Amino acid sequence: MDVTIRGAGILGLSIAWQCALRGARVQVIDPNGIGAGSSGGIVGALAPHVPENWNNKKEFQFQSLIAAEPFWAQVEEVSGMPSGYGRLGRIQPITDENQLALARRRADNAKMLWQNKAEWCVIDKAPDFAPASTTGFWIKDTLSARLNPRLACDALAEALRLKGVSFAGHGLDQGKSVWTTGAEDLFHISKTLQRPFGIGVKGQAALFDLDRRDCAQVFAQTMHFIPHADGTLAVGSTSERNYDDGTSTDEKLHKLITVAQEVLRDLKTATVIQKWAGVRPRSKSRAPVLGTHPLHPNAYIANGGFKIGLGMAPKIAEVMSDLILDGTDNIPEDFRPENCLT
Ligand SMILES: Cc1cc2nc3c(=O)[nH]c(=O)nc-3n(C[C@H](O)[C@H](O)[C@H](O)COP(=O)(O)OP(=O)(O)OC[C@H]3O[C@@H](n4cnc5c(N)ncnc54)[C@H](O)[C@@H]3O)c2cc1C
């Protein structure tokens, strides 16, 4: 065995995939099964940061969103299973004149920063599926994509099995070890080092039986509305730092559903078919944490996906496999574990 991955969430599975594609023998160990943590959810917005104040994190995310299309196409081809990936773009209503001016400036920025690979534009014709806009304008970007997180994890796991990767609940490390154990590890590292390294931020989301599969996703009033390819529509998410149970839903989700139904009237007559909650791994620096594990000097860590872990996974898998298999360090400075230890 060349590589042992601990944690079968999106980061662990994606790194396992990249390593297996490059010929490594890989095992994945997770006592809770595939996608048992925050990766097994229902939202799946692969949406970019705004095109301004460009930095390493935004560039890395941009590259990851571009890489996602071939990444998920290959997973689907090998597994024969759907990931729910689709690059249908995103609509955002523009709420006032300041936002309108800002959106126009960002449209100019995107021409340069997004390298002609995607567009950010201001439109004045209401799209088929969009909330009302007080200004009569909306932002449309063509970089955003959707993913069905649960299906994507299952497809990735099946593709890995077909490439000879083994899965187990428990086992010893063999070869190089990678810890992709999400919020649990961030809490554990913080406790062991007796300093804040990272936390878990709970999120709750709902799935409706509303079929808008050919429409772009919507971002409005800090909520993502994601029309999935299977005819469902996800709305998320709450953001909670204080919670007793990371996987239960409560009145906060009820409130979110009520607001969502005001924003998009189509949802008023649709039925909620699933409620879901999970804990996002958030590092102290808020950026991904990639490199040597702070508690295990001979092992690696990939963590801190926070709100964009699904979108960051393809690029994280690429730089982590460079590091693990070749010793080539392509990790941006801002993502190093040391940034969370100062
Ligand atoms: C409500 C909600 C909505 C979200 N929406 C989006 C979105 O729209 N777009 C987006 O990009 N991201 C989104 N995210 C964030 C995204 O889900 C996470 O960033 C990502 O799933 C983190 O993946 P991970 O593999 O690091 O962790 P996890 O998926 O949490 O996986 C960690 C795994 O480690 C396992 N584990 C724990 N301890 C051990 C151990 N000792 N040994 C072995 N295994 C262990 C767990 O069982 C788990 O399977 C959302 C998150 C939530 C909660």
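On inspection, GLN99 passes the criterion of being among the polar types (S, T, N, Q), in a helix (DSSP H, G or I) and within 23 Å of VAL263 (Cα to Cα). The residues on offer are ILE34, ILE5, and the sole one that is surrounded by 20 or more Cβ atoms within 10 Å (Cβ to Cβ) and closer than 14 Å to ALA159 by Cα is ILE34. Among the residues making up segment 168-197, those that are within 11 Å of the ligand (Cβ to nearest atom), surrounded by 15 or more Cβ atoms within 10 Å (Cβ to Cβ) and not in a loop (DSSP other than H, G, I, E, B) are SER177, VAL178, TRP179, GLY182, ALA183, GLU184, ASP185, LEU186, PHE187, HIS188. If the condition is being outside any loop (DSSP other than H, G, I, E, B) and closer than 25 Å to HIS228 by Cβ, then segment 31-60 contributes SER38, SER39, GLY40, ALA45, LEU46. Would you check if ALA118 is part of a loop (DSSP other than H, G, I, E, B) and within 27 Å of LEU233 (Cβ to Cβ)? Criteria met by ALA118. Filtering ALA110, ALA101 for residues that are surrounded by fewer than 15 Cβ atoms within 10 Å (Cβ to Cβ) and at pLDDT 95 or above leaves a single hit, ALA101. Hey, among ALA107, ALA73, which residue is among the hydrophobic types (A, V, I, L, M, F, W, C), touching a Cys at 6+ places or on another chain (Cβ under 9 Å) and over 16 Å from GLN217 (Cβ atoms)? Answer to the selection: ALA107. Listed by first and then second residue, the pairs with beta-carbon distance under 7 Å, at least 6 apart or on different chains, first residue in segment 176-193 and in contact (Cβ under 8 Å) with a residue 24 or more places away in the chain and within 12 Å of VAL279 (Cα to Cα), second hydroxyl-bearing (Ser, Thr, Tyr) and near the ligand (Cβ under 9 Å from one of its atoms), are GLY182/SER38.
Scanning segment 240-255 for residues that are in contact (Cβ under 8 Å) with a residue 40 or more places away in the chain and not hydrophobic (A, V, I, L, M, F, W, C), we see that the one that is surrounded by the fewest Cβ atoms within 10 Å (Cβ to Cβ) is ARG241.
The values are calculated or read from the model by the stated rules, or taken from the named source; none is laboratory data. From a predicted model like this one, the values you see are computed outputs, not experimental measurements. Glycine also receives a Cβ, built like all others from the backbone with ideal geometry; neighbour counts cover every protein chain displayed.
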